[in-house]
Amino acid sequence: MYEKKRFAGEIAITDFLNQYFDRERILQKCRECSGFAKTWSCPEFDFAPEDYWKQFSVYQIVCDRISMKGVKSPREAEERLYSEKPAFNREMLQLEQAAPGSKALYAQECDECNICARLTGEPCRFPEIMRYSIVILTATSGDTGKAALAGFADVEGTKIIVFYPKNGVSPIQEKQMITQKGENTFVVGITGNFDDAQTGVKQLFGDRALAEIMDKAGFQFSSANSINIGRLVPQIVYYVYSYAQLLKMGSVKKGEEINIVVPTGNFGNILAAYFAKQMGVPIAKLICASNENKVLYDFFKTGIYDRNRAFVLTSSPSMDILISSNLERLIYLTAGADASRNVEFMKSLAAEGKYEITADMRENMKDFYGNYASEQETADIIKMLYEKTGYVIDTHTAVAAAVLNKYREETGDKTKTVLASTASPFKFTRSVMNAIDTKYDVMGDFELVDELSKIAKVKVPRAIEEIRTAPILHSTVCGKEDMKSVVMKFLGVGSN
């Protein structure tokens, strides 16, 4: 499937990041297939020298590994990348009650996507600005939007426009976005769901007439969500780091395989885990956890991707997606990197709302397992874990824990597992607190934030605290059919 290159351990990840996390790739136009940059051949990775990976944090690994023009030392890279000091430290936490034997890769930062989206934006802070002003055009199901806005706010030579489903994110997620400062930031709610927003963004990327207008005005589109392959690269490091930490703790022996379970809707984070596996991280099974929008579960079960179904608004809104765009990349790879076949699948999806892969392609996906958690199962996991341990997880992490339990019951596989905890419960307080006890439903959004802090004995994250009284700066709402005119109006180009 991959044309692998052989590198000594440390060099492999260095080469990978140096090659693929650079300005030109991040800023390139996404015009191939249905709007995605092409995938690459992964270098093979080895954990030698083992001690190197055991002693550094993922924060240090990324800072040390990303090569950027104008940076003369890792220290300078660290200072420039993290001038805002986002909490990049991660810990391995036991979640024995929710999923016995698993470890949770938990983001202390309020927003897991914050890390990757900010990294995607950082190359634009360098003085060697291209001849175009870069317009970051992004659709978000809640998490990436705020992270991208924070990463690009007031970055010279850029503008950022974020579309989100007006009634499809949590109140805290929405307030994080609509209070975002920055003269170059624009936030738009659409009267539709995330699929509508993402489809609209991809159509704008493929609009050649608009591209000509943009070009004449000195603008060029790029993206900060997983439409941009650069957004996925830092996520690969999560899984390198998690395995290194298991080695450090003595939980696994070198070369011992682990499983990975990821709550996913758009298939980005779990695809990064797949890339880590292809690079040589000892990963056995990739467990894809869906909520009641279980299009991925059905796909892995039947080989048929079918979005022709009701869209369900759930308590894990960042996974409320029926068009899992990053799956396109896996389809491309398992079809033998045949772009023409990939295009046919995507045309079928656009025209008929479904496609069916071949038996050979399904065989190439045998490392994946899919299942889903209902709303009740999600709430039950949150309540049970809190009552037994005092630890509070968010709704997305609860979906992953529930699916991991199902996988183990179904297969009997007791392989040690890393569970990716991708969001903070502080962003989904009403759903989380109602799962623990319905008495909390009478409270306001920030009353719930304070109550969660109290019962979990965890300080309210700064990212949440700072929006408590922040003024609303963005109030534009449009229909999905008006996205193009809104973009043109914001940029002051063409006839609008």
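General remarks:
- Residues in the stretch 371-398 that are surrounded by fewer than 23 Cβ atoms within 10 Å (Cβ to Cβ) and either among the small types (G, A, S) or touching a strand residue (DSSP E or B) at 6+ places or on another chain (Cβ under 6 Å) (or both): Y372, S374, A379, G390.
- Inter-residue pairs, beta-carbon under 7 Å, first among the polar types (S, T, N, Q) and in the stretch 138-155, second part of a loop (DSSP other than H, G, I, E, B) and surrounded by fewer than 24 Cβ atoms within 10 Å (Cβ to Cβ), 6+ apart: S141/D320
- Residue in the stretch 218-241 that is among the small types (G, A, S), modelled with pLDDT of 90 or more and buried (at least 21 other Cβ atoms within 10 Å of the Cβ) present: no
- Residue match in the stretch 462-476 (condition: over 27 Å from T191 (Cβ atoms), of a type in the set (D, E) and without any contact (Cβ under 8 Å) to a residue 40 or more places away in the chain): yes
- Among residues of the stretch 321-335 being touching a residue at least 40 places away in the same chain (Cβ under 8 Å) and over 15 Å from D195 (Cβ atoms), the one that is farthest from the chain's Cα centre (by Cα) is T334.
- Verdict on V261 being of a type in the set (A, V, I, L, M, F, W, C), more than 26 Å from L137 (Cβ to Cβ) and surrounded by fewer than 24 Cβ atoms within 10 Å (Cβ to Cβ): no
- Only one of Y386, Y391 that is among the aromatic types (F, W, Y), part of a helix (DSSP H, G or I) and touching a residue at least 60 places away in the same chain (Cβ under 8 Å): Y386
- The single condition among (1) in contact with a Gly (Cβ under 8 Å, 6 or more places away or on another chain); (2) crowded, with 18+ Cβ neighbours inside 10 Å that V486 does not meet is (1).
- Subset of the stretch 434-461 that is surrounded by fewer than 13 Cβ atoms within 10 Å (Cβ to Cβ) and within 28 Å of the chain's Cα centre (by Cα) - its residue that is nearest to A209 (Cα to Cα): K459
- Selection count where residues are in a helix (DSSP H, G or I) and either crowded, with 24+ Cβ neighbours inside 10 Å or touching a Pro at 6+ places or on another chain (Cβ under 7 Å) (or both), scope the stretch 245-258: 0
- Residue count, the stretch 191-212 (criterion: of a type in the set (D, E) and more than 20 Å from L491 (Cβ to Cβ)): 2
- E356 being more than 24 Å from A456 (Cα to Cα), in contact with a helix residue (DSSP H, G or I) (Cβ under 9 Å, 6 or more places away or on another chain), among the acidic types (D, E) and surrounded by fewer than 17 Cβ atoms within 10 Å (Cβ to Cβ): yes
The rows are residues; the columns are (1) part of a loop (DSSP other than H, G, I, E, B); (2) in contact (Cβ under 8 Å) with a residue 40 or more places away in the chain; (3) under 16 Å from M483 (Cα atoms); (4) of a type outside the set (S, T, Y).
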{"residue": "G168", "(1), (2), (3), (4)": "yes, yes, no, yes"}
{"residue": "D195", "(1), (2), (3), (4)": "no, yes, yes, yes"}
{"residue": "Q198", "(1), (2), (3), (4)": "no, yes, yes, yes"}
{"residue": "K202", "(1), (2), (3), (4)": "no, yes, yes, yes"}
{"residue": "M214", "(1), (2), (3), (4)": "no, yes, yes, yes"}
{"residue": "Q220", "(1), (2), (3), (4)": "no, yes, no, yes"}
{"residue": "P234", "(1), (2), (3), (4)": "no, yes, no, yes"}
{"residue": "Y241", "(1), (2), (3), (4)": "no, yes, no, no"}
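- Residue selected from the stretch 399-433 under the condition more than 23 Å from the chain's Cα centre (by Cα) and among the β-branched types (V, I, T), by the criterion surrounded by the fewest Cβ atoms within 10 Å (Cβ to Cβ): T411
- In the condition set (1) surrounded by 22 or more Cβ atoms within 10 Å (Cβ to Cβ); (2) in a strand (DSSP E or B); (3) modelled with pLDDT of 90 or more; (4) not acidic (D, E), L271 is compliant with all but (2).
- Scanning the stretch 137-151 for residues that are within 10 Å of A224 (Cβ to Cβ) and among the hydrophobic types (A, V, I, L, M, F, W, C) yields a count of 4.
The values are calculated or read from the model by the stated rules, or taken from the named source; none is laboratory data. Because the structure is a prediction, the values reported are computed rather than measured. Neighbour counts run over all protein chains shown; Cβ positions are idealised from the backbone, glycine included.
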